[in-house]
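Participant: Here it is, the structure, as structure tokens.
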Amino acid sequence: MTRTRTYQAPTFVPDPRAVPGSVPAIVDAAFHRLRWQLNAAYEIPNGSALDNASRADRLAVLHDRAARWWRVLYRHSANGVPFVYVSAAGRAIQAAQEDARFWRETAADWRARADQRPTSDAAGAMSNWAELGVA
């Protein structure tokens, strides 16, 4: 149940149209930092089940953080911005929340494997039910 995704962190170039200190400029800078943090977390090599759980926990935290930053932009954009932008920010919130949930569940499955407990029924290829004799 390993999801591989590589984030490319481009060189940060602030939008020259963004007013320094404005909400879009602050969110843009936050996402730049977040991309670097996600890259670092995705690059953590697979290790023991507990190491993998720790990595998945870190990814869940970062995706939760991304959802919160998208929410900041969504709330700022709710008035006076074309609906397509508000809608895109709303969809980005949902996607980041789904990614965070995926990584929380993955961490729980890795901890279950480490504790020799059955993984969730959604663990797929990471399922240890056969090893534990669970039907």
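Participant: Step by step: first the residues of the stretch 33-52, then only those that are touching a residue at least 12 places away in the same chain (Cβ under 8 Å) and over 14 Å from the mean Cα position of the chain (by Cα), then the one that is nearest to Trp103 (Cα to Cα). Which residue is that?
Facilitator: So, considering only residues that are touching a residue at least 12 places away in the same chain (Cβ under 8 Å) and over 14 Å from the mean Cα position of the chain (by Cα), the one nearest to Trp103 (Cα to Cα) is Asn52.
Participant: Right, next: So Gln97 fits all but one of (1) surrounded by 17 or more Cβ atoms within 10 Å (Cβ to Cβ); (2) under 18 Å from Ala25 (Cβ atoms); what number is the exception?
Facilitator: In the conditions (1) surrounded by 17 or more Cβ atoms within 10 Å (Cβ to Cβ); (2) under 18 Å from Ala25 (Cβ atoms), Gln97 misses (2) alone.
Participant: Mind checking whether some residue in the stretch 44-52 is assigned to a loop (DSSP other than H, G, I, E, B), in contact with a Lys or Arg (Cβ under 7 Å, 6 or more places away or on another chain), of a type outside the set (Lys, Arg) and surrounded by 13 or more Cβ atoms within 10 Å (Cβ to Cβ)?
Facilitator: For the stretch 44-52, residues assigned to a loop (DSSP other than H, G, I, E, B), in contact with a Lys or Arg (Cβ under 7 Å, 6 or more places away or on another chain), of a type outside the set (Lys, Arg) and surrounded by 13 or more Cβ atoms within 10 Å (Cβ to Cβ): present.
Participant: Does Arg68 fit the bill of being modelled with pLDDT of 90 or more and under 18 Å from Asn46 (Cα atoms)?
Facilitator: no
The values are calculated or read from the model by the stated rules, or taken from the named source; none is laboratory data. Quick caveat, the model's predicted, so the values are computed rather than measured. Counting neighbours? That spans all protein chains shown, and the Cβs are built from the backbone with ideal geometry, glycine included.
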